[in-house]
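Single-structure report; data block below.
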Amino acid sequence: MRVRTLAVVLLAGGLALTACGKEGGPGDTGSAPAQTAVSDVKVDGSATFDKMKSRGRVVIGVKEDQPGLGYKDPTSGKFNGFDIEIAKLVAAQLGFGDDKIDYKAIPSAGREQALINGDVDYYVGTYTINAKRKEQVAFAGPYFTAGQDLLVKKSDSSITGKDTLKGKKVCSVTGSTPIQKVKSENLTEPENIVELQNYSQCVEQLEQGAVDAVTTDDAILKGYASQSPDTLKVIGKPFSKEPYGIGLPKDDKALRDKVNDILQAALDGDAWQKAYDSTLGKSNSTAEKPTLDRY
């Protein structure tokens with residue numbers, strides 16, 4: 001399987017950030033959305049948007065190790081995937097083309113702080129909307145609904161769902177919703193829970209036999225399974241609903257409303273479907289369009 005170990009810079013406080021990635025042309029996973037001139041965009045009362053305009057660029061927090069969703073190609077340095085397409089779609093309607101986007105890869109545990117610190121303008125990276133996170137940040141969306149599932153070796157017939165995880169080593173990402181669910185529901189013993197910084201590290205541990213299962217949202221797991229269909233499989237029994245939202249600074253209601261309007265237009269037209277078909281849709285899996293809850 002082509003899971004590459006991705007370089008991560010460990011910063012103070014345990015926050016892992018990578019350097020900004022820039023793209024100067026259409027992405028690898030779909031055509032660039034039609035762009036609106038930034039001078040024509042009105043987001044009255046948004047300090048975040050004012051900062052973007054002053055800077056002349058938008059800084060978007062993303063994942064870099066999730067094939068089909070948010071993935072940084074180690075050869076080209078470009079980001080691709082469904083989340084990246086959604087991020088670009090929003091940026092274009094805010095007046096920023098591909099050449100005006102800086103992607104900053106931030107793992108799950110660092111998302112809230114990155115938004116609070118102003119390190120990113122918004123975040124698009126399998127970011128499940130929940131009440132605890134809404135105490136610190138705001139969300140637009142959801143733009144996608146996933147479900148927690150399990151990735152195991154294809155030869156493993158002992159794991160058939162979440163109720164068969166006792167005695168099994170289960171890996172997920174530190175600070176993620178899936179690892180919290182494993183703990184809260186006592187799906188396996190505490191000593192069998194493995195927490196790492198990136199999903200790619202969990203998958204490598206699975207391939208090496210160090211863990212028995214990787215758990216996170218099915219959309220993420222399908223991306224990894226599609227890279228190695230002869231050795232890995234997704235169980236296919238989701239046991240949660242994970243509404244993905246776009247993370248925003250908590251008090252910036254004006255920008256949140258604007259991003260929701262952009263997402264609604266994409267869902268009403270064909271932009272959302274095109275983004276899906278060119279990325280996750282290549283796994284031959286379908287997805288229903290979400291309904292915005294205007295969080």
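Descriptive notes on the structure:
- Charge dipole of the stretch 144-295 (Cα centre as origin; +1 on each Lys and Arg Cβ, -1 on each Asp and Glu Cβ, all else neutral): 120 debye, rounded to the nearest 20.
- The stretch 148-234: relative contact order in percent, alpha carbon pairs under 8 Å with at least 6 residues between: 44 percent
- Considering the stretch 148-234 at the alpha-carbon level, its Rg and Dmax are found to be 11.4, 33 Å.
- Residue by residue, the stretch 146-152 carries 3J(HN,Hα) couplings of 10, x, 5, 9, 10, 10, 9 Hz when phi is fed to the Karplus relation 6.51 cos²θ - 1.76 cosθ + 1.60 (θ = phi - 60°); x denotes Gly or Pro.
- Charge-dipole axis of the chain as Lys and Arg at +1 and Asp and Glu at -1 on Cβ define it, positive-most pick from PHE82, ILE246, GLN93: ILE246
- When the Gaussian network model of the chain links Cα atoms closer than 10 Å, the mean-square fluctuations of ALA92, ALA219, ALA210 top out at ALA210.
- Point-charge dipole on Cβ atoms (K/R +1, D/E -1) for the stretch 93-137, about Cα centre, debye to 20: 280 debye
- Each Cα pair under 8 Å and six or more residues apart adds its separation to the average, and for the chain the resulting relative contact order is 26 percent.
- Build a GNM of the chain with springs between Cα atoms under 10 Å apart, and of GLU112, GLU191, GLU64 the one that fluctuates most is GLU191.
- Within the stretch 64-165, the ratio Rg/Rh, alpha carbon atoms throughout and Rh by Kirkwood, equals 1.03.
- By the rule of a C-alpha distance below 19 Å, with chain neighbours fewer than 8 residues away ignored, the aspartates and glutamates paired with LYS134 are GLU112, ASP119, ASP121, GLU242, ASP251, ASP252, ASP257, ASP293.
- Value of D in µm² per second that Stokes-Einstein yields for the chain, Kirkwood Rh from Cα pairs, at 10 °C (1.306 mPa s): 83 µm²/s
- The ranking of LYS100, LYS289 from fewest to most other beta carbons within 10 Å of each one's beta carbon is LYS289, LYS100.
- A simple charge model with +1 on the Cβ of Lys and Arg, -1 on the Cβ of Asp and Glu and nothing else charged puts the dipole of the stretch 148-234 at about 100 debye relative to its Cα centre.
- Three-way shape call for the stretch 132-286 based on the alpha-carbon gyration tensor, with the a/c threshold at 1.5: oblate
Quick note: the coordinates plus some simple rules give every number you see, no bench work behind them. Only a predicted model underlies this, so the values are computations on that prediction, with no experimental measurement involved. Cβ atoms come from the backbone with ideal geometry, glycine included; neighbour counts cover every protein chain shown.
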